[in-house]
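Step one of this worksheet: look at the structure below.
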Amino acid sequence: MALILTFLGKGGSGRSTSAIATAKKLSTQGQRVLLVTEDAGPGFGLLLGHAVTAAPKPVSPTLSVVQLQFTQLLGQNWEQLKKLEAQYLRDPFFKAVYGQELSLLPGMDQALTLNALREYDASSDYDVIVHDGPGNQASLRMWGMPAGIDWYFRRFKQVFQESQFSKSVMPFVQPIAGAVLSGGMSGDLFDQPQVAESTNLVVKGIAAVKDPMRVRAYLVSTGEQVAIATARYLWGAAQQIEMTVGGVLLNRADTSQDFEPLPVHTLPQSSDWQPLMNSLPDYMAAPSVPPPVEIDLSSNTVRLFLPSFDKKQIQLTQYGPEVTIEAGDQRRNLSLPKSLNGRSVTGAKFQSGYLILTFG
């Protein structure tokens, strides 16, 4: 398993430069590094000083670079879908639709990027994957996708199984599904091997995003007011998906007080990569930053770290067993341990960047 590093911040703040310097630094330390960019244009290759292609290309013995081409990824993933369809269905119905015909719809690029990173990670060819993406709210939605899919699956599975409709149609669905599925069907529709395999991938994705030694973000900012405000906003929004922000890379400024208690690394103005590399953090060390969520079962409290927001920007609701928090244009259904799951929130306060919930 690789450590995946990504960068958040306003466009023009130096995210791509930081990603390249990070990849170079880690590769010189002997780490096997893959530098992944979503920038489809020629700019990234010119900045790197090497041509970039849709397949990983070695830049040095320990550094490779790949430029994600989404139409190509769409075709590849469609062919994988058709193979799965042929494996599980008696009569595949997508066999006459070809990936080369498909158009890229909004949002597909995020799903394709996430899957590409997952596949590169699963290859075990790399110790570190450095991701150069948009670094904005869309990036955070991409990283939060596994948790979102998991919630939809769990919630609608429960609603469906408890409904009278399910009890009425399942006696008819099982023989029909058994006729369609190549291996037949036994038991609950949601317990079939293909469903379990997909669920397992989602669970692994959620665990990776929550683990700072698996996935970690760094804020990148200049001293401009808009860049600082954007980085702070993304910092708070990242906590909503429980992604650890390990620190700040600050270009052409010294405004560390805006990001306390994060460690701030001031990057020099230089046309040479080495001074930039020397100024970067020790990425292989565990970050010393506040965790996004802290749970104290002895007092039945949950502390959510939501920096850069004030209490007017945070909305807490509990219509049923789920506790929902809205902040930073992110809606999050709080994952709780069994002892707190389904219990009502009896107290909530916002203090020093923390939303503190008490459960009855």
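The values are calculated or read from the model by the stated rules, or taken from the named source; none is laboratory data. Just so we're clear, the structure is a prediction, and the values are computed from it rather than from any experiment. No Cβ is skipped: glycine too gets one built from the backbone with ideal geometry, and neighbour counts run over all protein chains shown. Surface areas here come from the heavy atoms of the whole protein model, side chains and all, with no ligands, DNA or RNA. Shrake-Rupley method; radii C 1.70, N 1.55, O 1.52, S 1.80 Å.
Here are the numbers:
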| item | result |
| --- | --- |
| Some residue of segment 212-231 being under 17 Å from the mean Cα position of the chain (by Cα), surrounded by fewer than 19 Cβ atoms within 10 Å (Cβ to Cβ) and charged (D, E, K, R) | yes |
| Residues of segment 264-281 that turn out to be out of contact with any helix residue (DSSP H, G or I) (no Cβ under 8 Å at 6 or more places or on another chain) and surrounded by 15 or more Cβ atoms within 10 Å (Cβ to Cβ), as a count | 2 |
| Residues satisfying the stated conditions in segment 12-24, i.e. crowded, with 20+ Cβ neighbours inside 10 Å and either on the phi < 0 side of the Ramachandran plot or assigned to a strand (DSSP E or B) (or both) | 13, 15, 16, 18, 19, 20, 21, 22, 23, 24 |
| One residue from 310, 272 being closer than 27 Å to residue 27 by Cα and among the charged types (D, E, K, R) | 272 |
| Residues being within 18 Å of residue 134 (Cα to Cα) and under 23 Å from the mean Cα position of the chain (by Cα) - total across segment 31-53 | 8 |
| Any hit, segment 238-251, residues being assigned by the TED database to the domain that holds residue 19, farther than 16 Å from residue 6 by Cα and exposed (fewer than 15 other Cβ atoms within 10 Å of the Cβ) | no |
| Neighbours by Cβ (under 7 Å, 6+ apart or cross-chain): first from segment 1-27, in the same structural domain as residue 222 (by the TED database) and within 21 Å of residue 114 (Cβ to Cβ); second open to solvent by 10 Å² or more (accessible area, probe 1.4 Å) and among the polar types (S, T, N, Q) | 9/230 |
| Single match in 148, 107, 135, 144 (criterion: crowded, with 16+ Cβ neighbours inside 10 Å and on the phi > 0 side of the Ramachandran plot) | 135 |
| Any hit, segment 321-329, residues being under 27 Å from residue 231 (Cα atoms), open to solvent by 60 Å² or more (accessible area, probe 1.4 Å), part of a loop (DSSP other than H, G, I, E, B) and touching a residue at least 60 places away in the same chain (Cβ under 8 Å) | yes |
| Residues of segment 336-360 that turn out to be open to solvent by 70 Å² or more (accessible area, probe 1.4 Å) and under 13 Å from residue 304 (Cβ atoms), as a count | 3 |
| Count - residues of segment 298-332 that are among the charged types (D, E, K, R) and under 24 Å from residue 247 (Cβ atoms) | 4 |
| Selection count, segment 185-212, where residues are at pLDDT 90 or above, in contact with a Pro (Cβ under 9 Å, 6 or more places away or on another chain) and not in a helix (DSSP H, G or I) | 1 |
| In segment 307-329, the residues that are of a type in the set (Lys, Arg) and closer than 16 Å to residue 293 by Cα | none |
| Matching residues in segment 282-315 - criterion: being open to solvent by 30 Å² or more (accessible area, probe 1.4 Å) and in a strand (DSSP E or B) | 293, 294, 295, 296, 303, 315 |
